[in-house]
Amino acid sequence: MHHVEADIREPLILGNKTYHQITEDVCAPVEGKAGKMWYMVFSLAALLALWGVGCIFYTVGVGIGVWGLNKTVDWAWDITNFVWWVGIGHAGTLISAVLLLFRQRWRMAINRSAEAMTIFAVIMAALFPLLHMGRIWMAYWVLPLPNQFGSLWVNFNSPLLWDVFAISTYFSVSLVFWYIGLIPDFATIRDRAVKPAAKKAYSIMAFGWTGSAKHWNRFEEVSLVLAGLATPLVFSVHSIVSMDFATSVIPGWHTTIFPPYFVAGAVFSGFAMVCTLMLVMRKVLHLEDYILVKHIEYMNIIIMLTGSMVGVAYLSELFISWYSGVEYEGYAFMNRATGWYWWSYAAMMTCNVVSPQLMWVKKWRRNLTFTFILSIVVNIGMWFERFVIIVTSIHRDYVPSSWNLFHPTFVDMGLFLGTIGIFFVLYLLYARVFPVLALNEVKTILRTTGESQLKQLRAGEHITVAEGSKH
Amino acid sequence: MSTVIYAMYDDDHVLLEGAKKVVAKGMQVKDVFSPFPVHGIDDVIGVRKTRLAICAFLYGLTGMTLALIGMRYFMIVDWPMNIGGKPNFDLMQNLPAFIPVTFEFTVFCTAHGMAITYFLRNKTLPGMKAKNPDPRTTDDKFVMEIHVDESKEAETIALLKETGAIEINKKAA
């Protein structure tokens, strides 16, 4: 089998790796002990999470009157946080599904962790509409179940119900996709485990995976079909989230460009979050040979592209509000930029439109510190985008006597920071017990993208992938 | 009496070439265990293409049908509601509003139906015992399983060694 690799291709796996070395490197964090750094970050996250859980109990116990909502601004931080988390949850499936269909080999190093991020982010997102129901124990009312209320059904014409279906489908399909990919890797850990408890736990999680040819045959088919299904799913989810706003008649929400604009924004913030997490993870778990500057650069290019799309969307929205000649629309946008909430609009514009343009400079987008700071800036900006859309559009009602502002209470803030805490608690636990790299997938690209293998390939030598190989 | 021979390799390409030679000699490779999919092995050892995708399509069709039947019953037949004057008396006229849920439910049924079929067909379920012949096959080794008659054992082992197997184990079938 002759494989040709273009000379400009950079290796995706550094060092003189073999199949066995990949197993060692990826299993090390799972089998070893957690460092001091991990405990410190975990404690901080757990503290935030505790505050969050406290606020959740308080909200459920007392009612959503403890939030800062008022008659005019009846959607604020809750829905802002919901959309923010769902948006972050978009990168994982995009990386694992869309990039799989496009046969992008660099996805192998980051897909597992990006998908984990997706799953935890969607859980955080789902919390907010559930809490917003007030009586969370009635949450099953969103399902079309036979009932005694004169057989009253849920409203299938409503985007809010579409959202229920979209989010639950997205969450469960992403989870299954992720888990099917994890099974062979759990089997690897199972077969190496020494401690009986760990062996037992990973045996259960590995579902008795053997790695026979027929199983791999089915595995590849399932991955491909699930990727094909997840691709339109990714685009549908945030489109439907945007319809929660777009199908209403509130100036500032009633916009036909919302679906693509929301999807671009979601990918934008999702990739930024992946960058934030990967940059920390590669350092702490010593994965510098697998998650390279090249990977970060690829992600930064996507951030730059989607950031520009978001920028175009902001400007066309602004233009159309004037060009449409609708007074209410015009006022809504004028008020966004120059009204009481101008600072949130300015934060959104700077973080989302200006900052990603810096990525045009190759030196900067390959700089890890710069990327780390920028990835956080982007997510701050994307939070403000949702805040701007939601709060500034409704805080000036049609009747000036109803005009109001939104003041978050400590519960609002506690829920937002709390979900960040819960998210990091879950993510840090994941990093300790799950293989954070799709190790069996990484092995499939070693022959063509490993640093020493590429050298051998270009020198026309035999490619070695095994330790002490004679072949 | 027949014997089961496990030939272990440390390179997927060597295994693939080896399997070709074994098959050319008229022997059947019962199975191959590998840490990752070895591309090209299916045709050599006669693993047929899975029909899971066809199942997935059928599950999708089921999901779509169920969603449409359900929404027609809830929204048109059982309790029509006047919501913003949208048509509430005819499925076809109300269809645009039903598309998102139809799509989501189709994907839901396809993905989960396919995943469940995949687990059942593989006979892999939570807590099942692993049946790979050697724990190293999930790390960096590749194992070929061959069933031969006892009389041909020595000959087969010689052939396998020639193809580059690094280790050969056998057990009575």
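Answer with yes or no whether A:Thr23 is within 14 Å of chain B (Cβ to nearest Cβ) and among the hydroxyl-bearing types (Ser, Thr, Tyr).
Against the criterion (within 14 Å of chain B (Cβ to nearest Cβ) and among the hydroxyl-bearing types (Ser, Thr, Tyr)), A:Thr23 qualifies.
Being loosely packed, with under 15 Cβ neighbours inside 10 Å, more than 7 Å from chain A (Cβ to nearest Cβ) and acidic (Asp, Glu) holds for only one residue in B:Glu145, B:Glu150, and it is B:Glu150.
Restricting the stretch A:396-443 to residues that are surrounded by fewer than 19 Cβ atoms within 10 Å (Cβ to Cβ) and polar (S, T, N, Q) leaves a set whose member that is nearest to the other protein chains (Cβ to nearest Cβ) is A:Ser402.
Out of the residues in the stretch B:16-30 that are part of a loop (DSSP other than H, G, I, E, B), in contact (Cβ under 8 Å) with a residue 40 or more places away in the chain and more than 23 Å from the chain's Cα centre (by Cα), which is surrounded by the most Cβ atoms within 10 Å (Cβ to Cβ)?
Step one: list which residues in the stretch B:16-30 are part of a loop (DSSP other than H, G, I, E, B), which gives B:25-28.
Those still in the list that are in contact (Cβ under 8 Å) with a residue 40 or more places away in the chain too: B:25, B:27-28.
Then keep just the ones that are more than 23 Å from the chain's Cα centre (by Cα); that gives B:25, B:27.
Numbers: B:Lys25: 9, B:Met27: 19.
Residue satisfying both the conditions and the ranking: B:Met27.
Quick one: which of A:Ala34, A:Ala49 is small (Gly, Ala, Ser), at negative phi and not in a loop (DSSP other than H, G, I, E, B)?
Values: A:Ala34 fails: not in a loop (DSSP other than H, G, I, E, B).
On inspection, the qualifying residue turns out to be A:Ala49.
Screening B:Ile116 with (1) out of contact with any Leu (no Cβ under 8 Å at 6 or more places or on another chain); (2) within 18 Å of A:Ala230 (Cβ to Cβ); (3) more than 8 Å from chain A (Cβ to nearest Cβ); (4) in contact (Cβ under 8 Å) with a residue 24 or more places away in the chain gives one miss only, at (4). If you go through the stretch A:164-200 and keep only what is free of Cβ contacts under 8 Å to residues at least 40 places away in the same chain, of a type in the set (Lys, Arg) and surrounded by fewer than 20 Cβ atoms within 10 Å (Cβ to Cβ), you end up with A:Lys195, A:Lys199, A:Lys200.
So, of the residues in the stretch B:6-15 that are surrounded by fewer than 22 Cβ atoms within 10 Å (Cβ to Cβ) and either at the interface with chain A (Cβ under 10 Å from one of its Cβ atoms) or touching a His at 6+ places or on another chain (Cβ under 9 Å) (or both), which turns out to be nearest to B:Thr156 (Cα to Cα)?
Pass one, the stretch B:6-15, residues surrounded by fewer than 22 Cβ atoms within 10 Å (Cβ to Cβ): B:6, B:8, B:13-14.
From what is left, the residues that are either at the interface with chain A (Cβ under 10 Å from one of its Cβ atoms) or touching a His at 6+ places or on another chain (Cβ under 9 Å) (or both) are B:13-14.
On the way: B:His13: 20, B:Val14: 17 Å.
So, considering only residues that are surrounded by fewer than 22 Cβ atoms within 10 Å (Cβ to Cβ) and either at the interface with chain A (Cβ under 10 Å from one of its Cβ atoms) or touching a His at 6+ places or on another chain (Cβ under 9 Å) (or both), the one nearest to B:Thr156 (Cα to Cα) is B:Val14.
Cβ-Cβ distances below 7 Å connect the following pairs, each with a first residue in the stretch B:31-50 that is within 7 Å of another protein chain (Cβ to nearest Cβ), a second residue that is charged (D, E, K, R) and assigned to a loop (DSSP other than H, G, I, E, B), and a separation of six or more residues or different chains: B:Pro35/B:Asp139; B:Pro35/B:Asp140. Exactly one residue out of B:Val47, B:Val101, B:Val148, B:Val107 is part of a strand (DSSP E or B), in contact with a helix residue (DSSP H, G or I) (Cβ under 7 Å, 6 or more places away or on another chain) and hydrophobic (A, V, I, L, M, F, W, C), and it is B:Val148. Among the residues of the stretch A:52-64, those identified as surrounded by 11 or more Cβ atoms within 10 Å (Cβ to Cβ), within 16 Å of A:Phe128 (Cβ to Cβ) and of a type outside the set (S, T, N, Q) are A:Gly52, A:Val53, A:Cys55, A:Ile56, A:Tyr58, A:Val60, A:Gly63, A:Ile64.
Exactly one of these conditions fails for A:Gly418: (1) without any contact (Cβ under 8 Å) to a residue 60 or more places away in the chain; (2) within 24 Å of A:Val60 (Cβ to Cβ). Give me its number. Single failed check for A:Gly418: (1).
Only one of the listed residues (A:Ser151, A:Ser174) is more than 9 Å from every other protein chain (Cβ to nearest Cβ), in contact with a helix residue (DSSP H, G or I) (Cβ under 7 Å, 6 or more places away or on another chain) and of a type outside the set (D, E, K, R). That residue is A:Ser174.
Would you confirm, using the coordinates I've provided, whether B:Leu61 is of a type outside the set (Phe, Trp, Tyr), within 11 Å of another protein chain (Cβ to nearest Cβ) and more than 16 Å from the chain's Cα centre (by Cα)? No. Among the residues of the stretch A:329-343, those identified as of a type outside the set (A, V, I, L, M, F, W, C), part of a helix (DSSP H, G or I) and crowded, with 19+ Cβ neighbours inside 10 Å are A:Glu329, A:Asn335, A:Arg336. Restricting the stretch B:84-138 to residues that are surrounded by 20 or more Cβ atoms within 10 Å (Cβ to Cβ) and among the charged types (D, E, K, R) leaves a set whose member that is farthest from B:Arg51 (Cα to Cα) is B:Arg136. Does the stretch A:243-259 contain any residue that is without any contact (Cβ under 8 Å) to a residue 12 or more places away in the chain and either in a helix (DSSP H, G or I) or within 20 Å of the chain's Cα centre (by Cα) (or both)? No, every residue in the stretch A:243-259 fails to be without any contact (Cβ under 8 Å) to a residue 12 or more places away in the chain and either in a helix (DSSP H, G or I) or within 20 Å of the chain's Cα centre (by Cα) (or both). Counting only residues that are among the β-branched types (Val, Ile, Thr) and not in a helix (DSSP H, G or I), the stretch A:87-138 holds 1 of them. Across the stretch A:223-247, the qualifying residues are those that are of a type outside the set (A, V, I, L, M, F, W, C) and more than 11 Å from chain B (Cβ to nearest Cβ), and the one among them that is farthest from A:Ala91 (Cα to Cα) is A:Asp244.
Taking (1) modelled with pLDDT of 90 or more; (2) in contact with a Ser or Thr (Cβ under 9 Å, 6 or more places away or on another chain) in turn, A:Asp397 satisfies each apart from (1).
Would the stretch B:103-120 turn up any residue that is over 33 Å from the mean Cα position of the chain (by Cα) and within 22 Å of A:Pro159 (Cβ to Cβ)? Looking for residues that are over 33 Å from the mean Cα position of the chain (by Cα) and within 22 Å of A:Pro159 (Cβ to Cβ), one finds none in the stretch B:103-120, hence no. Could you tell me whether any residue of the stretch A:210-219 is assigned to a helix (DSSP H, G or I), at the interface with another protein chain (Cβ under 8 Å from one of its Cβ atoms) and within 26 Å of the chain's Cα centre (by Cα)? For the stretch A:210-219, residues assigned to a helix (DSSP H, G or I), at the interface with another protein chain (Cβ under 8 Å from one of its Cβ atoms) and within 26 Å of the chain's Cα centre (by Cα): present.
The values are calculated or read from the model by the stated rules, or taken from the named source; none is laboratory data. Fair warning: this is a prediction, and the values are worked out from it, not measured in the lab. Here the Cβ is made from the backbone with ideal geometry for all residues, glycine too, and neighbour counts use every protein chain on show.
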